[in-house]
1. Can you give the helix-only mean residue ellipticity at 222 nm for the chain, where every DSSP H stretch with n ≥ 4 adds -39500 (n - 2.57) and the sum goes over all residues, rounded to the nearest 500 deg cm²/dmol?
2. Restricted to Cα positions, what overall size does the chain have along the principal axes? Three whole-Å values, descending.
3. I want to verify a result. In a Gaussian network model of the chain, Cα cutoff 10 Å, which of these has the top mean-square fluctuation: L109, L276, L91?
4. Can you send over the solvent-accessible area of Y34, 1.4 Å probe, protein chains only, in Å² to the nearest 10?
5. Which one of G188, N268, V242 has its Cα pushed farthest toward the positive end of the charge dipole of the chain, where Lys and Arg give +1 and Asp and Glu give -1 at the Cβ?
6. Give a quick list of GluC sites (Glu not before Pro) in region 117-221 that DSSP marks as loop, anything other than H, G, I, E or B, with at most 15 other Cβ atoms within 10 Å.
7. Give me the Å³ per residue figure for the convex hull around the C-alpha atoms of region 144-243.
8. Of all DSSP beta bridges in the chain, what percent run antiparallel (nearest 5)?
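The values are calculated or read from the model by the stated rules, or taken from the named source; none is laboratory data. Quantities reported herein were computed from a predicted structural model and do not represent experimental measurements. All Cβ positions, even for glycine, are placed from backbone atoms using ideal geometry, and neighbour counts span all protein chains on display. Each accessible area value is taken on the protein alone, full model and side chains, heavy atoms only, with ligands, DNA and RNA left out. Shrake-Rupley method; radii C 1.70, N 1.55, O 1.52, S 1.80 Å.
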Amino acid sequence: MMSVPPARTLSDAFDVLLFDLDGVIYIGADPVPYAVDSLNAARAAGNRLGFLTNNASRRTQTVADHLTRLGIRGVTAADVVSSPEAAVPLLAQRIPAGAEVLVVGGDGLRWEVENAGFRITTVATPDTAGVIQGFTPELTWNDLAEASYAIEAGAVWVGTNGDWTIPREKGVAPGNGTLLAAVHTATGKFPEVAGKPERPIYDVARRRFAATRPLAIGDRLDTDILGAHRGEMDSLLVLTGVDTPLTVLRADPDQRPTYIARDLRALNEYYEPAVLNGNTAECGTVSARLDRAILTITHGDVRSVEALRAACALVWTSNVPPTAIQVPAGLGEGE
Ligand SMILES: [Mg+2]
């Protein structure tokens, strides 16, 4: 969905910028290069900044404090949209106000459920009307068992997010999706899921920030960019996290970003769009060409992000499957 190129910068072309956190603003304890300054500049230029997180264990105030400590100015809890904030309204639509809800999850999730006026339980009872499930490291088999009992007995089941993995310091660990899958395997039922890439979290963000032209910004095609498609928003993929030039080039149609940038500096710079002309494409000083299944950069720097934009414009409109296309070494990989 290459939409109309912005008149000037992306920050001028959109009114609300919705950021993913990990891989976009920070990686572990470290801020992503240029992120903090770019966000502060976008805010100074009049953008509303929102932060979308699937993390269900931290309160939004804790996330806001973290972003403030990194140096991002003016962040409050209301600027953070968490998966529990998107999940609780799904429960509220289906069970009576004040009903008993079994919470499988951490402090951030319990806090949201309590705030919405539900009674919290940690064991299934005949009164349990809903189950809400989000990740916390303290989860035990007993919590999953109680969730299964309540769901089998007919409770409405909502998951905060379906992430299969969680990056931890020692490596990749099972995420909330695997724990939902455990309960699914036991009960045969499916949860309704609120977080990225599902639509509810995007709807909550759009309403809260009264966005007319939101831009969703992330580093993962299968969550941030797919979610933007489902939420009917334009998207920007930054190459500071999980996905790479090659995975972008080979992305499925519903995971293709509207814009691609090396890092968040792109928000406040002129965005050079790729212009397609038959089997050639131009982006700035770069020219690319696709002959059957062979992609070549005929002019300019193969490692530049402009080369990647031109290549994507060609590959995404070609009849050849992206995985069958021969790609020049180093495409879009930077210096
Ligand atoms: Mg991320």
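1. Mean residue ellipticity, 222 nm, calculated: -8000 deg cm²/dmol.
2. 69, 43, 37
3. Maximum fluctuation in the GNM of the chain, among the listed residues, is at L276.
4. So the heavy atoms of Y34 present about 110 Å² to solvent.
5. My answer, from the dipole projection, is N268.
6. Listed in order of number, the matching sites are E138, E169.
7. It is 124 Å³ per residue.
8. Around 35 percent antiparallel, to the nearest 5.
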